[in-house]
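For reference, the structure is listed below as structure tokens.
The values are calculated or read from the model by the stated rules, or taken from the named source; none is laboratory data. Since we're looking at a predicted model, the values are computed, not measured. Cβ placement follows ideal geometry from the backbone for every residue including glycine, while neighbour counts extend to all protein chains displayed. Only protein heavy atoms, including side chains, enter the accessible area calculation; ligands, DNA and RNA are left aside. Shrake-Rupley method; radii C 1.70, N 1.55, O 1.52, S 1.80 Å.
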Amino acid sequence: QVQLVESGGGLVQPGGSLRLSCAVSGLKVGFDVIGWFRQAPGQEREGVSCISSSGTRVNYPDSVKGRFTISRDDAKNMVYLQMNSLKPEDTGVYYCAADEDRNPFRCTLQQGDYNYWGQGTQVTVSS
């Protein structure tokens, strides 16, 4: 059974940092595209990062570019999202997602392209 479990969320002040973790089971992060998404109350889920199965391609929207960094540890089958210079508008539930893909360079921020999702972890940025 495929499972993705996020952790590392919490309450931080504006300008602070958090590192989110995604523990993956049933899939190998080295063989699948992984994405991070977030959803604020009353808003649609949006992609904030992805990494291709090859690990050589990453993608970020303009809203987080330069502040967020995705990475992975193949030996631990873990994916991480380092978030720096956090802003109140970064508040939301953050989800990791995975999709089986034969293209080792595929990296997508479209939620419809992912088959597997975690339950999310809350990130609150407030003073």
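Numbers for the structure displayed
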| item | result |
| --- | --- |
| Residues of region 116-127 classified as over 16 Å from LEU20 (Cα atoms) and modelled with pLDDT of 95 or more, total | 2 |
| Region 8-26, residues that are surrounded by fewer than 18 Cβ atoms within 10 Å (Cβ to Cβ) and assigned to a strand (DSSP E or B) | GLY10, LEU11, ARG19, SER21, ALA23, SER25 |
| Residue list for region 1-24, restricted to those being more than 11 Å from THR121 (Cα to Cα), within 16 Å of the chain's Cα centre (by Cα) and not basic (Lys, Arg) | GLN3, LEU4, SER17, LEU18, ALA23, VAL24 |
| Selection from region 27-53 of residues that are modelled with pLDDT of 95 or more, among the small types (Gly, Ala, Ser) and surrounded by fewer than 18 Cβ atoms within 10 Å (Cβ to Cβ) | ALA40 |
| Count of region 86-97 residues which are farther than 23 Å from GLN1 by Cα and of a type outside the set (Asp, Glu) | 6 |
| Residue tally, condition under 15 Å from PHE68 (Cβ atoms) and small (Gly, Ala, Ser), over region 39-53 | 2 |
| Pairs, first on the phi > 0 side of the Ramachandran plot in region 14-41, second open to solvent by 10 Å² or more (accessible area, probe 1.4 Å), C-beta under 7 Å, six or more apart | GLY15/SER85; GLY26/GLN1; GLY26/VAL2; GLY26/GLN3 |
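Condition check ((1) open to solvent by 50 Å² or more (accessible area, probe 1.4 Å); (2) of a type in the set (A, V, I, L, M); (3) within 25 Å of GLN1 (Cβ to Cβ); (4) touching a residue at least 40 places away in the same chain (Cβ under 8 Å)) across all residues:
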| position | (1), (2), (3), (4) |
| --- | --- |
| GLY55 | no, no, yes, no |
| VAL58 | yes, yes, no, yes |
| ARG67 | no, no, no, no |
| ASN84 | yes, no, no, yes |
| ASP99 | no, no, yes, yes |
| TYR114 | no, no, yes, yes |
| GLY120 | no, no, yes, yes |
